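A.B. asks: Below you'll find the structure I mean.
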Amino acid sequence: MGGICLKNIKYFDHAATTGVKKEVLKEMLPYFNIEYGNPSSIYGIGRSAKRAIEGAREKVAKAINAKPNEIYFTGCGSESDNLAIKGIAYALKQKGNHIITSKIEHHAVLNSCKSLEQEGFRVTYLNVNKDGFVNLQELKEAITDKTILITIMTANNEIGTIEPIKEIGKIAKEKNVYFHTDSVQAIGNIKLDVQKMNIDSLSMSAHKFYGPKGVGALYVKEGVPFIKLQDGGHQEKNKRAGTENTAGIIGLGKAIELAYKNIDEYNDKLQKLRDYYISEVEKEIPGAVLNGHRTKRLPGNANISFKGINGGDLLLELDEKGICASTGSACNTGSTEPSHVLVAIGLRPEYLQGSLRITFGEENTKADVDYLVSILKEIIL
């Protein structure tokens, strides 16, 4: 049976997904075939699974300075976004029907908002500047007495720009409006404190920080009203029906624990690789344009556009050289439309189809960057 030799692969797409760490997998394995009891069962292996889930809940809460009872496990970041946005909106529809978001959100947020518009909610989509930042004054002016929720992502999945989340949280608190943030790209990459940042709800996904796919988590501050979106059992404090993915939840807990154990060292490494890559591309390939803010961006994200280049063709040529990268969100692969994020920041038309998103991880080295830049020169010049 044929396959791909992974040792010859240079992987630069950690914003799309990451590999499961050995320590994470080791902690997960017993819950597949030894401690496989249903967490809702009262016998021994059921109680053991329940205790393990609660241990993971405590790890997630500790990472973001929340309480364990404010953490709900889900199937992914998109589900967390849906549950937060729709759950809060439905719970507050008697109070108001206005939601504020931005034009560069992940489609899990944008499409949740569009769905709510079909049900009579009104949504304001804030513009962003050329670096991808929302304007705080425009946010303030958009709030009305009918505004019930602000949902702005922590960091953009395509261009890496980190939004002024603490300031947004402060505005929301002053205006008595709930604030949700999609932190799928931020968790494991930057430090977050839901209390200091006045965050009422936050979404995350395990596979973005070296955990397994198919499991996410949602933080909802105690006292924030939200309703369940699916019917069934009583799991997750009656907010998310269905037998828990015990092994996945254990993996998420271990992954987030490891991520924040050495986050300063990890960030320093990624930032150096990112900045070196950007400087080399700008030096070696004339006309390359960096998308997003130069410094206020995720430590491992570098999104650069090349004039007159087709991003899809570029990815195929890179793949032939053993390089894994993306043009933007993996969730939108296959779309022929230009990135809504790049359109929103006002990127010139001749650059829209030629973006390359490189996102670094712990296995990448300076030699990997040198190889990547050399291949880009061969293809583009």
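A.B. asks: Of all the residues that make up the stretch 42-57, how many are of a type in the set (Ser, Thr, Tyr) and surrounded by fewer than 13 Cβ atoms within 10 Å (Cβ to Cβ)? Step through it out loud before you land on a result.
C.D. replies: Just the residues of the stretch 42-57 that are of a type in the set (Ser, Thr, Tyr), to begin with: 43, 48.
Add one more test, that the residue is surrounded by fewer than 13 Cβ atoms within 10 Å (Cβ to Cβ), and what stays is 43.
Of the residues in that region, 1 qualify.
A.B. asks: Residues that are more than 30 Å from GLY354 (Cβ to Cβ), assigned by TED's automatic domain parsing to the domain that holds ASP131, assigned to a helix (DSSP H, G or I) and of a type in the set (Asp, Glu): does the stretch 214-231 have at least one? First the steps, then the outcome.
C.D. replies: So the first thing to find is which residues in the stretch 214-231 are more than 30 Å from GLY354 (Cβ to Cβ), and the list is 214-231.
Those still in the list that are assigned by TED's automatic domain parsing to the domain that holds ASP131 too: 214-231.
Those still in the list that are assigned to a helix (DSSP H, G or I) too: none.
There is no residue in the stretch 214-231 that is more than 30 Å from GLY354 (Cβ to Cβ), assigned by TED's automatic domain parsing to the domain that holds ASP131, assigned to a helix (DSSP H, G or I) and of a type in the set (Asp, Glu).
A.B. asks: Check LEU83, LEU25 and return the single one that is closer than 29 Å to ASN157 by Cβ, buried (at least 19 other Cβ atoms within 10 Å of the Cβ) and of a type outside the set (Phe, Trp, Tyr). Step through it out loud before you land on a result.
C.D. replies: Values: LEU25 fails: buried (at least 19 other Cβ atoms within 10 Å of the Cβ).
Step by step, each of LEU83, LEU25 is checked, and only LEU83 is closer than 29 Å to ASN157 by Cβ, buried (at least 19 other Cβ atoms within 10 Å of the Cβ) and of a type outside the set (Phe, Trp, Tyr).
A.B. asks: Here are some conditions: (1) of a type in the set (A, V, I, L, M); (2) modelled with pLDDT of 95 or more; (3) under 30 Å from LYS261 (Cα atoms). LEU352 meets all but one. Which one does it not meet?
C.D. replies: (3)
A.B. asks: Tell me, which strands (runs of 3 or more DSSP E) lie completely within the stretch 39-157 with 1 or more residues that are in contact with a helix residue (DSSP H, G or I) (Cβ under 6 Å, 6 or more places away or on another chain) and over 28 Å from HIS14 (Cβ atoms)?
C.D. replies: Numbers: elements: 71-74, 98-102, 122-126, 147-151.
Qualifying strands (runs of 3 or more DSSP E): 98-102, 122-126, 147-151.
A.B. asks: If you don't mind, there's one more thing I want to ask. With the structure loaded, tell me whether ASN111 is in contact (Cβ under 8 Å) with a residue 24 or more places away in the chain and surrounded by fewer than 16 Cβ atoms within 10 Å (Cβ to Cβ) or whether it fails that test.
C.D. replies: On the way: in contact (Cβ under 8 Å) with a residue 24 or more places away in the chain: no; surrounded by fewer than 16 Cβ atoms within 10 Å (Cβ to Cβ): yes.
Answer is no for this residue.
A.B. asks: When the stretch 245-274 is examined, which residues are found to be of a type in the set (A, V, I, L, M) and either over 16 Å from GLY55 (Cβ atoms) or outside any helix (DSSP H, G or I) (or both)?
C.D. replies: Keep residues of the stretch 245-274 that are of a type in the set (A, V, I, L, M), which gives 247, 249-250, 252, 255-256, 258-259, 263, 270, 273.
Of everything in the stretch 245-274, those that are of a type in the set (A, V, I, L, M) and either over 16 Å from GLY55 (Cβ atoms) or outside any helix (DSSP H, G or I) (or both) turn out to be ALA259, ILE263, LEU270, LEU273.
A.B. asks: Now, a different point. Contact list please: Cβ distance under 7 Å, first residue in the stretch 118-140 and surrounded by fewer than 13 Cβ atoms within 10 Å (Cβ to Cβ), second residue outside any strand (DSSP E or B), pairs at least six apart or on different chains.
C.D. replies: Listed by first residue and then by second, the contacts come to GLY120/ASN97; LYS130/ILE345; LYS130/GLY346; LYS140/ILE171.
A.B. asks: Which condition from (1) part of a loop (DSSP other than H, G, I, E, B); (2) not assigned by TED's automatic domain parsing to the domain that holds LYS50 is the one that GLU282 breaks?
C.D. replies: (1)
A.B. asks: Any residue in the stretch 70-92 that is at pLDDT 95 or above, basic (Lys, Arg), under 21 Å from the mean Cα position of the chain (by Cα) and closer than 20 Å to GLY211 by Cβ? Steps first, answer last, please.
C.D. replies: So in the stretch 70-92, the residues at pLDDT 95 or above come out as 70-92.
Those still in the list that are basic (Lys, Arg) too: 86.
Then drop every residue that is not under 21 Å from the mean Cα position of the chain (by Cα), which leaves 86.
Now restrict to residues that are closer than 20 Å to GLY211 by Cβ: none.
No - not one qualifying residue is present in the stretch 70-92.
A.B. asks: Continuing with this model, one more query. Which members of the stretch 183-227 meet the condition of being farther than 18 Å from GLY253 by Cα and buried (at least 17 other Cβ atoms within 10 Å of the Cβ)?
C.D. replies: Answer for the stretch 183-227, where residues must be farther than 18 Å from GLY253 by Cα and buried (at least 17 other Cβ atoms within 10 Å of the Cβ): MET197, ASN198, ILE199, ASP200, SER201, LYS221, VAL224, PHE226.
Yes or no, residue by residue, for (1) in contact with a Phe, Trp or Tyr (Cβ under 9 Å, 6 or more places away or on another chain); (2) closer than 24 Å to SER339 by Cα; (3) of a type in the set (Gly, Ala, Ser):
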residue	(1), (2), (3)
ALA89	yes, no, yes
ILE100	yes, yes, no
SER112	no, yes, yes
LEU126	no, yes, no
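A.B. asks: Here is a further query. Does at least one position in the stretch 301-314 carry a residue that is without any contact (Cβ under 8 Å) to a residue 60 or more places away in the chain, under 29 Å from PHE209 (Cβ atoms) and surrounded by fewer than 18 Cβ atoms within 10 Å (Cβ to Cβ)?
C.D. replies: Quick first cut of the stretch 301-314, residues without any contact (Cβ under 8 Å) to a residue 60 or more places away in the chain only: 304-305, 307-308, 310-313.
Still in the running and under 29 Å from PHE209 (Cβ atoms): 304-305, 311-312.
Adding the requirement that they be surrounded by fewer than 18 Cβ atoms within 10 Å (Cβ to Cβ) leaves 312.
Yes; the residues of the stretch 301-314 include at least one that is without any contact (Cβ under 8 Å) to a residue 60 or more places away in the chain, under 29 Å from PHE209 (Cβ atoms) and surrounded by fewer than 18 Cβ atoms within 10 Å (Cβ to Cβ).
A.B. asks: Consider ALA241 carefully, then state whether it is surrounded by fewer than 16 Cβ atoms within 10 Å (Cβ to Cβ) and touching a Gly at 6+ places or on another chain (Cβ under 9 Å). Working first, answer last.
C.D. replies: Working: surrounded by fewer than 16 Cβ atoms within 10 Å (Cβ to Cβ): yes; touching a Gly at 6+ places or on another chain (Cβ under 9 Å): yes.
Spelling it out, ALA241 is indeed surrounded by fewer than 16 Cβ atoms within 10 Å (Cβ to Cβ) and touching a Gly at 6+ places or on another chain (Cβ under 9 Å).
A.B. asks: For the stretch 285-298, give me the residue count where each residue is assigned to a loop (DSSP other than H, G, I, E, B) and either surrounded by fewer than 18 Cβ atoms within 10 Å (Cβ to Cβ) or over 22 Å from the mean Cα position of the chain (by Cα) (or both). Don't jump to the end; show me each part of the working.
C.D. replies: Residues of the stretch 285-298 that are assigned to a loop (DSSP other than H, G, I, E, B), as a first pass: 285-288, 292-296, 298.
After this cut, where a residue has to be either surrounded by fewer than 18 Cβ atoms within 10 Å (Cβ to Cβ) or over 22 Å from the mean Cα position of the chain (by Cα) (or both) as well, the list is 285-288, 293-296.
The total comes to 8.
A.B. asks: Does ALA255 satisfy the criteria of being under 30 Å from GLY37 (Cβ atoms) and surrounded by 14 or more Cβ atoms within 10 Å (Cβ to Cβ)? Spell out how you get there, then give the answer.
C.D. replies: Working: under 30 Å from GLY37 (Cβ atoms): yes; surrounded by 14 or more Cβ atoms within 10 Å (Cβ to Cβ): yes.
Spelling it out, ALA255 is indeed under 30 Å from GLY37 (Cβ atoms) and surrounded by 14 or more Cβ atoms within 10 Å (Cβ to Cβ).
A.B. asks: Just to be sure I understand, how many residues within the stretch 141-167 are surrounded by fewer than 23 Cβ atoms within 10 Å (Cβ to Cβ) and over 17 Å from the mean Cα position of the chain (by Cα)?
C.D. replies: So the answer is 10.
The values are calculated or read from the model by the stated rules, or taken from the named source; none is laboratory data. Bear in mind that the values here come from a model prediction, so they are computed numbers and not experimental data. Here Cβ is always computed from backbone atoms with ideal geometry, including for glycine, and neighbour counts include all displayed protein chains.
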